[in-house]
Amino acid sequence: MTAPATATPGAGPVVRISGLHKSFGDREVLKGIDLEVAQGEVVCIIGASGSGKSTLLRCVNLLEQPTAGTVEVLGVEVTHPDVDIDRVRARVGMVFQQFNLFPHRTVLDNCTLAQRTVLRRRRAEAEAVARKNLAHVGLADRAGSLPSQLSGGQQQRVAIARALSMDPALLLFDEPTSALDPELVGEVLTVMRQLADEGMTMLVVTHEMAFAREVADRVIFLDAGVILEEGPPDRVIGNPREERTRAFLRRVLDPTHVEAVTDADPGAAGAVAGGEAVPGSRPLD
């Protein structure tokens, strides 16, 4: 692939994954994933802890090196040995669970550092872009604050503003609300909903079923490293075809509902007790 790292209308999918496998030692986490994400599409990935969701997301921008298969992002095969991965990553924003802000730098500095070092923007331009995006996420008045002076929800919104400041063609979200207190979740989801309404292409790993059902164009249920079910959110969440999907949703939507975990129910063990792994389950993903 020699196409430039940019997305243009009609130029094909923003993400194309073919036959993706990923193993850690002798443990295969992803088992032949095929997935495309169109420009402007919001795809939510759901599934139990340990099902491979975060690993899949991290393979998209090569934070994890796939064992086999190909991944194309913005027309560039990122799994090609000669790929300029930094050029691709400059157009792909990622929002992590734990914010990953520099604690000793102000909010404004956190949002300008990558612009200046990667995009080579002058300070004045970088700060103007950062302030625009901080206003976009409702934090225009916190540019001079340190991360420690912000709530968790505010820190995650700064992380989103930082990603937006790189003018991304694709945003990856890895359970962006999982580290937040329940009362702070809404403010982050509101920003993500607004981005979806504006046409941002988004690949989102989430346990927020209401958000997925309302915002996603497509929902993927990942189980034991395979895509077990995918389709419109009203079908996958509202009327799933697979019993494994139904069992997962019962546990998520009704946490007091407890079912016996059997060998025929792969991945369920990791979803018991609030997502904490139990003996015999896969490591958390």
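Can you confirm whether segment 230-239 contains a residue that is in contact with a strand residue (DSSP E or B) (Cβ under 6 Å, 6 or more places away or on another chain), open to solvent by less than 20 Å² (accessible area, probe 1.4 Å) and in a helix (DSSP H, G or I)?
Scanning segment 230-239, I find at least one residue that is in contact with a strand residue (DSSP E or B) (Cβ under 6 Å, 6 or more places away or on another chain), open to solvent by less than 20 Å² (accessible area, probe 1.4 Å) and in a helix (DSSP H, G or I), so the answer is yes.
Residue-wise test of (1) farther than 22 Å from Leu134 by Cα; (2) open to solvent by 10 Å² or more (accessible area, probe 1.4 Å); (3) not basic (Lys, Arg).
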| site | (1), (2), (3) |
| --- | --- |
| Glu187 | no, yes, yes |
| Arg193 | no, yes, no |
| Ala196 | no, yes, yes |
| His207 | yes, yes, yes |
| Gly225 | yes, no, yes |
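Here are some conditions: (1) under 30 Å from Gly12 (Cα atoms); (2) assigned to a loop (DSSP other than H, G, I, E, B). Glu72 meets all but one. Which one does it not meet?
(2)
Has segment 47-68 got at least one residue that is under 20 Å from the mean Cα position of the chain (by Cα) and assigned to a strand (DSSP E or B)?
no
Would you mention how many residues in segment 110-157 are outside any loop (DSSP other than H, G, I, E, B) and either touching a Pro at 6+ places or on another chain (Cβ under 9 Å) or not small (Gly, Ala, Ser) (or both)?
Qualifying residue count for the region: 26.
Which of the residues belonging to segment 113-131 are open to solvent by 50 Å² or more (accessible area, probe 1.4 Å) and aliphatic (A, V, I, L, M)?
Leu113, Val118, Leu119, Ala124, Ala128
Which of (1) hydroxyl-bearing (Ser, Thr, Tyr); (2) out of contact with any Leu (no Cβ under 8 Å at 6 or more places or on another chain); (3) crowded, with 22+ Cβ neighbours inside 10 Å is the odd one out, the single condition Ser145 does not satisfy?
(3)
Check off (1) open to solvent by 10 Å² or more (accessible area, probe 1.4 Å); (2) modelled with pLDDT of 95 or more for Asp84 and give me the number that stays unchecked.
For Asp84, the failing item is (2).
Taking into account only those residues within segment 20-68 that are of a type in the set (Lys, Arg) and open to solvent by 10 Å² or more (accessible area, probe 1.4 Å), which is nearest to Asp217 (Cα to Cα)?
Top of the filtered list is Arg58.
Are any residues in segment 87-112 open to solvent by 50 Å² or more (accessible area, probe 1.4 Å), touching a Leu at 6+ places or on another chain (Cβ under 8 Å) and more than 23 Å from Val188 (Cβ to Cβ), and if so, which ones?
His104
The values are calculated or read from the model by the stated rules, or taken from the named source; none is laboratory data. Everything numeric here is computed off the predicted structure, so don't read it as measured data. Backbone-built Cβ (ideal geometry, glycine too); neighbour counts: all protein chains shown. Side chains included, ligands, DNA and RNA excluded: accessible areas come from the protein's heavy atoms. Shrake-Rupley method; radii C 1.70, N 1.55, O 1.52, S 1.80 Å.
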